[in-house]
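Step one of this worksheet: look at the structure below.
The values are calculated or read from the model by the stated rules, or taken from the named source; none is laboratory data. Fair warning: this is a prediction, and the values are worked out from it, not measured in the lab. Don't worry about glycine lacking a Cβ; one is built from the backbone with ideal geometry, like all the others, and counts go over all protein chains shown. The protein model used for the area step is the full one, side chains on, heavy atoms only, and it has no ligands, DNA or RNA in it. Shrake-Rupley method; radii C 1.70, N 1.55, O 1.52, S 1.80 Å.
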Amino acid sequence: MENLPFTDELQKRMRLLEEDNQRLREQLNIYKKIYDNLPEPYILLDENKKIVDANPAACTLFETNFETLMNSSITEFLSLTPPEVFEDQRMLIRENGMLEDEWLIRSKNGLVKHIEFFSLGNILPNIDLYILKDVTARKRLEFERFFHLHLFNNIFNQVIDGIVMFDEKGIIVNANPAFCQYLKKDKNELIGFPIQAVLAGDDPSRREEIGRILSKAPFIGEIQLKSGEERKVFEISTSPNVYNGLYMSILRDKTEKYEMENELYNIALKFRNVFHGALEGMILWKNGLKICDMNSAGKKILGLTDQDDIHKQLDWMFCRKGNKKDFFRNVFLELHQKGEKRFTMDIETADGKVRTLEMTSKRDIVDGIHLTVFRDITERMKMEEQLRKTETLNVVGELAAGIAHEIRNPMTSLKGFIQLLQNSISGYAMYFDIITAELNRIESIVNEFLVLARPRVLQFYKCDITRIMRETIDLLYGQAVLNNVQFRTHFAKNIPKIYCDPNRIKQVFINIIKNAIEVMKEGGFVTIEIKKEKRNTLVVAISDEGGGIGKEDLKRLGEPFYTTKERGTGLGLMVSYNIISEHKGKIMVESDLGKGTTFFIYLPILQKEELEE
């Protein structure tokens, strides 16, 4: 009985111990749950480096299951960490009770991970606790950030464009060597200064302007800066918030480019002024006859307009009847072979006129661009033809004087003796008439020779050209009736009188109208029209309904002894051309085979003094 109180006390204590033990088990379970559910990996290492415990997060980190991990040494996972380094870390843990450091580990799947750890020594006897953290992603980002920053610094310092960085207040925080060289300043002189003041230089009035430009970021434009003693032009591009709220401006010196562009522009302007101011026509063209440009003189010569497409106009013009597009292409084919070509061609221009062009082409004056220079030599060719005819006329005149002198004397004797024989011999009247008629014809030809041989002084009077024409028609009326030819006249009203030699003009009308009557074998109409053309010119048009004249024959009209009539001499038209030329006029002829021919006589309305000059 004496031991009963002791037993009760022992039981009481046992109950208390049991209660404490239960509490400890419950707390241990709580800690175990916390340990197992912590997101950070935890491992326990014994003194032999063996893993004796690990939470699920650690299994995930090492990419293996709990049983495999419990049978492993930590050294099996260490990568690029020498054993002596790990021993040094354990010694520090023993000395200090804790340690923060890093490992590189290789998981069971072969992935290398960067691990930061915090270790507590002897958390249990000879057991160390390691709290692990996977910082692989962060380390990769730090490396990339370092790499990019290093790359940026290299580019920043080596790029040939000027780069300056400044904050939102415009204070410069960095500038590359190119920017410093642009402004002829040291980097230390620029850091900490407002960007507006640096760019404006010694011109305070420009600070606000530059400030407004930079405040519009992102901004791309041009700016003028003072570089030493020079003022240069820069392209500038400003971007906001490129790094930690900083602004960045990139400048490129385009002064040389700007000056070169100005020089090229001035050269091009000079060339264009020469090109378009030239008196001769010029065409720039590419292969395939593609027109690049044509100057004003060329358009004027070819009768082209500025409003329409030049290439289409030229293509249409060279395809017109009478023009030789194939010839034109062959010429340029030869140009490609020889590099240069000179030639002359007749072309019907866009305004319907036929012109003779002298052309010179040169290949590749610029790569792929060819030049053709041409001039209108129509008037020169006409003048040369007129000179040729004048020389012929002079020769014919000299010849005519000799022939007329040699023929006239014996012809006078012949006519005298024929008249004596005609009066003394009867029965041969028909033969005498034929002989007399032929002698009269010879005398008529001799008289025409004498007109050529002795050009007389013209006597100018103010005359009515329509009256001269009516007198001519009356004179030739009988011949017209005999040849079954009728006259149709169209005389405009209010035709002004002109100064002329009426007899010589009448001679021209007689020659041309007489020819018109003679070419109409079956009869027909001779149409005569007189009108005023332009301001100071009268036009007399004489048309027949004969067989017409071929193009080759038209070119020879007016040549001495050239005629299309059986018994003609060709002197009549030659004399007519000469008379009209002396009146400062000209004769033009148009003819269609099978339809007829029209002679256009152009007479200027001039004062007597102008004609006599």
**Fill in**
Within the range 58-89, the residues that are touching a Cys at 6+ places or on another chain (Cβ under 8 Å) and open to solvent by 30 Å² or more (accessible area, probe 1.4 Å) are N65, F66
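Would you mind listing the strands (runs of 3 or more DSSP E) fully within the range 138-256 where at least 1 residues are of a type in the set (S, T, N, Q) and at pLDDT below 85?
On the way: elements: 162-166, 172-175, 219-227, 230-243, 246-253.
Of the strands (runs of 3 or more DSSP E) lying wholly inside the range 138-256, those with at least 1 residues that are of a type in the set (S, T, N, Q) and at pLDDT below 85 span 219-227, 230-243.
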**Request:** Could you run through the range 239-297 and say how many residues are out of contact with any Asp or Glu (no Cβ under 6 Å at 6 or more places or on another chain), of a type in the set (D, E, K, R) and in contact (Cβ under 8 Å) with a residue 12 or more places away in the chain?
**Result:** 5
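Could we say that R355 is under 24 Å from T305 (Cβ atoms) and at pLDDT 75 or above here?
On the way: under 24 Å from T305 (Cβ atoms): yes; at pLDDT 75 or above: yes.
Against the criterion (under 24 Å from T305 (Cβ atoms) and at pLDDT 75 or above), R355 qualifies.
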**Prompt:** How about the range 534-547: which of its residues are open to solvent by 30 Å² or more (accessible area, probe 1.4 Å), under 51 Å from the mean Cα position of the chain (by Cα) and of a type outside the set (S, T, N, Q)?
**Reply:** K534, R535
**Asked** Give me the pairs: first residue in the range 466-494 and over 11 Å from I513 (Cβ atoms), second residue assigned to a loop (DSSP other than H, G, I, E, B) and open to solvent by less than 40 Å² (accessible area, probe 1.4 Å), beta-carbon distance under 6 Å, and six or more apart or on different chains, which are they?
**Response** T466/I495; N484/G523
**Some residue of the range 505-516 being in the same structural domain as G596 (by the TED database), open to solvent by 60 Å² or more (accessible area, probe 1.4 Å) and not in a helix (DSSP H, G or I)** = no
**Item:** Failed condition for K531, given (1) in contact with a Pro (Cβ under 8 Å, 6 or more places away or on another chain); (2) open to solvent by 40 Å² or more (accessible area, probe 1.4 Å); (3) modelled with pLDDT of 85 or more
**Value:** (1)
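Would a scan of the range 102-121 turn up a residue that is out of contact with any Cys (no Cβ under 8 Å at 6 or more places or on another chain) and over 23 Å from K139 (Cα atoms)? Give the steps one after another, and end with the answer.
The initial filter retains those residues of the range 102-121 that are out of contact with any Cys (no Cβ under 8 Å at 6 or more places or on another chain), namely 102-121.
From what's left, over 23 Å from K139 (Cα atoms): 120-121.
Yes, the range 102-121 contains a residue that is out of contact with any Cys (no Cβ under 8 Å at 6 or more places or on another chain) and over 23 Å from K139 (Cα atoms).
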**Request:** Kindly provide the set of residues from the range 257-283 that are under 30 Å from I301 (Cβ atoms) and among the acidic types (D, E), ordered by number.
**Result:** E280
**Request:** Within the range 170-177, identify whether any single residue is free of Cβ contacts under 8 Å to residues at least 60 places away in the same chain, closer than 30 Å to L104 by Cα and open to solvent by less than 60 Å² (accessible area, probe 1.4 Å), and answer yes or no.
**Result:** no
**Complete:** Only one of (1) hydroxyl-bearing (S, T, Y); (2) touching a Pro at 6+ places or on another chain (Cβ under 7 Å); (3) at pLDDT below 70 does not apply to Y461, and that is (3)
**Request:** Test S413 against the stated conditions and say whether it is surrounded by 12 or more Cβ atoms within 10 Å (Cβ to Cβ) and either assigned by the TED database to the domain that holds Q337 or modelled with pLDDT of 75 or more (or both).
**Result:** no
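Going through the range 359-370 one residue at a time, which ones are touching a Phe, Trp or Tyr at 6+ places or on another chain (Cβ under 8 Å) and either buried (at least 17 other Cβ atoms within 10 Å of the Cβ) or not assigned by the TED database to the domain that holds M282 (or both)? Spell out the reasoning first.
Taking the range 359-370 first, the residues touching a Phe, Trp or Tyr at 6+ places or on another chain (Cβ under 8 Å) are 359-361, 369-370.
Result: M359, S361, H370.
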**Asked** Just for the range 68-87: of the residues that are in a helix (DSSP H, G or I) and in contact with a Leu (Cβ under 8 Å, 6 or more places away or on another chain), which one is nearest to I43 (Cα to Cα)?
**Response** I74
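Residue-by-condition table, conditions (1) surrounded by 14 or more Cβ atoms within 10 Å (Cβ to Cβ); (2) within 60 Å of the chain's Cα centre (by Cα); (3) modelled with pLDDT of 85 or more; (4) assigned to a loop (DSSP other than H, G, I, E, B):
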site	(1), (2), (3), (4)
R456	no, no, no, yes
I468	yes, no, yes, no
H490	no, yes, yes, no
K493	no, yes, yes, yes
**Item:** Test result for K497, without any contact (Cβ under 8 Å) to a residue 12 or more places away in the chain, open to solvent by 70 Å² or more (accessible area, probe 1.4 Å) and in the same structural domain as G548 (by the TED database)
**Value:** no
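Which of the residues spanning the range 43-57 are open to solvent by less than 10 Å² (accessible area, probe 1.4 Å) and of a type outside the set (A, V, I, L, M)?
Within the range 43-57, the first condition is being open to solvent by less than 10 Å² (accessible area, probe 1.4 Å), and the residues that meet it are 43, 45, 51, 54-55.
Of everything in the range 43-57, just one residue is open to solvent by less than 10 Å² (accessible area, probe 1.4 Å) and of a type outside the set (A, V, I, L, M), namely N55.
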**Request:** Could you give me the residue pairs with C-beta distances under 7 Å whose first residue belongs to the range 588-613 and is in the same structural domain as M520 (by the TED database), whose second residue is at pLDDT below 85 and surrounded by fewer than 16 Cβ atoms within 10 Å (Cβ to Cβ) wherever it lies, and which are 6+ apart or on separate chains?
**Result:** V589/L554; S591/L554; L593/G550; P604/N536; I605/N536
